Amino acid sequence: MAFFTYMNLPILLALVPFTAFSSLVIYRLFFHPLSKVPGPKLAAISRFYDFYYDCIQGGKFSFKIEELHELYGPIVRIGPNEVHIQDPDVFDEFYNVTTRLDKDPWYYAFIASQDAGFGTSNVDLHRARRKAMSRFFASSAISNLESSSKEKVLKLCRRLQQMRQEGKPVNLSNAYRCLAGDSVTDYCLPKGFDLLDSVDFADDYNKQARIISQIAVWHRHIPIIIPIFMRMPRWFIEKTSTEGGVMAFDFQTDLARMAETVVKTEKRSDRSVLDGIVNSDAIPESDKTVERITQEARTLVGAGTETTGISLETITFHVLSHPDVLRKLKEELAKAAEGSKGVKDPLTKYSTVQRLSYLTAVMNEGLRLANSVSGRLARVNPRSATTYKSYVLPPGTAISMSIRDNHLSESVFPDALSFKPERWLVTGDELKHMEKCFVPFGRGGRSCIGKELALMNLYLTLASFFHEFDAELFETRRQDIEIEHDFFSPFPSPDSKGLRIMLR
Ligand code: HEM
């Protein structure tokens, strides 16, 4: 008998993981509290479903989720412990200041900055970390930044005027990212990047955003990728990686160096957001380490650059593709400039351009289509159960919604894929319903802290650009600026050369 058992030991040992795995599969499919939520069985069993679409296919899970909603309805189980809801009317129920949801730590691990304000999961810890920098992003602080924004917009215009004389096409995607990058780095870091000064509008630098974002999606599933990448010697990266990979590495190293300077400086100023965070009483000393401040730097620069760049490029593309819209916008801008006769650069005055109703409609419509945050906003309520329709989602369930779903909803925005600024020129309930579902900056306690800065940059840049220049698209199609891959930020096909224009 003992001999029989001994001979079968390897088989028995092999059976242990098999039995454990089968039990887990059976549990997740039939006994898990989410087992009644519709969705594909493979997604209910394992995160590999998500991994396949996001890593192997390259940022395609968001589109798969959209397909699943068409098949299963407004709520779908997209992971063993995660549901996705597509229902613009309930967005506010999940994303507000009172429900106190945490960010799902598994999902947000992609930024490798779970101690930055952006990446902090716990709602209370996040509140303190956000408070440490919120005074820098309040409306009053942003109005003090107006002259600095104006200076950057004028610098962009000067560069564009030179290029107009040369008669060469301009890569406006890069130019806009330089403007956005300079605005964020100048304000948040001890020293700005001065990207607008670079000869080719920092073409290589801008490419690294895509590489970092793609690596980040892998990091979510295999959370050692970014630390390994950052611990490698530079020569090794140079030998094994693309130019963009080396730039991504250098960029992260620079941010860490700046954070170290801020933390270790004895007589610190209060000029930059990073300095302000370290000076703040809202957080304990343990939150003022070089590592955590590096994470704040990384997320602030990451969150503020691509988003603003994508929004500017989307709005400009659509305006240039719609001659009627272009004409009306130019008329409104010319009238505003005429009305401020005697004022130098009148369209760089925020209070003037902010009031322009057609420009505002154009911006809303562009932000609706840009969906600069394309990833799902995954939240968890660890404290209590959540109800959606007839489903009770137990505490700890990851619940996510996507801004894209709100903005492309046909019931809220008929003919949703078309660019129609006029849809915003209505009043009453129709406008109220659109505004309720229009969430480019998210909503609630985790909404965009940089919203006011972003809006000021959008208004000033678009007003100056469209007033000053006559431009036409150069070899740019809609797919060159539109999402094909979701790496939390939207990216077009890798072949895209971005938004290119000829200036007249
Ligand atoms: C048009 C431009 C922008 C758009 C559309 C945008 C959109 C968003 C959205 C949707 C979120 C919520 C993300 C989530 O729930 O995971 C967010 C968060 C955030 N954004 Fe922005 N953003 C823009 C510009 C900026 C700028 C200029 C900054 C400034 C540095 C910034 C800094 C942040 C930060 C730090 C967070 C995290 C806030 C927190 O969790 O407390 N963003 N943004």
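The values are calculated or read from the model by the stated rules, or taken from the named source; none is laboratory data. Keep in mind the model is a prediction, meaning the values are calculated, not measured. Cβ coordinates were reconstructed from backbone atoms using ideal geometry, including for glycine residues, and neighbour counts include every protein chain displayed.
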Residue check, residue 11 modelled with pLDDT of 95 or more and not charged (D, E, K, R): no
Filtered residue count, the stretch 97-131, keeping only those that are over 16 Å from the mean Cα position of the chain (by Cα) and part of a helix (DSSP H, G or I): 11
So residue 226, is it buried (at least 17 other Cβ atoms within 10 Å of the Cβ), part of a loop (DSSP other than H, G, I, E, B) and of a type in the set (A, V, I, L, M, F, W, C): no
Matching residues in the stretch 132-150 - criterion: being outside any loop (DSSP other than H, G, I, E, B) and crowded, with 16+ Cβ neighbours inside 10 Å: 132, 133, 134, 141, 142, 149, 150
Verdict on residue 419 being within 16 Å of the ligand (Cβ to nearest atom) and more than 18 Å from residue 74 (Cα to Cα): no
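For every residue, the table says whether it meets (1) at pLDDT 95 or above; (2) crowded, with 20+ Cβ neighbours inside 10 Å; (3) more than 20 Å from the chain's Cα centre (by Cα).
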| residue | (1), (2), (3) |
| --- | --- |
| 421 | yes, yes, yes |
| 427 | yes, no, yes |
| 431 | yes, no, yes |
| 449 | yes, yes, no |
| 463 | yes, yes, yes |
| 469 | yes, no, yes |
| 474 | yes, no, yes |
| 484 | yes, no, no |
Verdict on residue 122 being surrounded by fewer than 18 Cβ atoms within 10 Å (Cβ to Cβ) and either within 29 Å of residue 62 (Cα to Cα) or near the ligand (Cβ under 10 Å from one of its atoms) (or both): yes
Hey, residue 259 in contact with a helix residue (DSSP H, G or I) (Cβ under 7 Å, 6 or more places away or on another chain) and surrounded by 23 or more Cβ atoms within 10 Å (Cβ to Cβ) or not: yes
Count of residues meeting criterion [over 11 Å from residue 378 (Cα atoms) and more than 10 Å from the ligand (Cβ to nearest atom)] in the stretch 94-112: 8
Condition check for residue 226: in contact (Cβ under 8 Å) with a residue 40 or more places away in the chain and closer than 30 Å to residue 48 by Cβ: yes
Selected residue (only one of 17, 105 is over 19 Å from residue 398 (Cα atoms) and surrounded by fewer than 18 Cβ atoms within 10 Å (Cβ to Cβ)): 17
Criterion violated by residue 302 - all others in (1) within 14 Å of the ligand (Cβ to nearest atom); (2) not in a helix (DSSP H, G or I) satisfied: (2)
Top-ranked residue of the stretch 168-213 - restricted to ones that are polar (S, T, N, Q) and more than 22 Å from residue 477 (Cα to Cα), ranked as nearest to the ligand (Cβ to nearest atom): 183
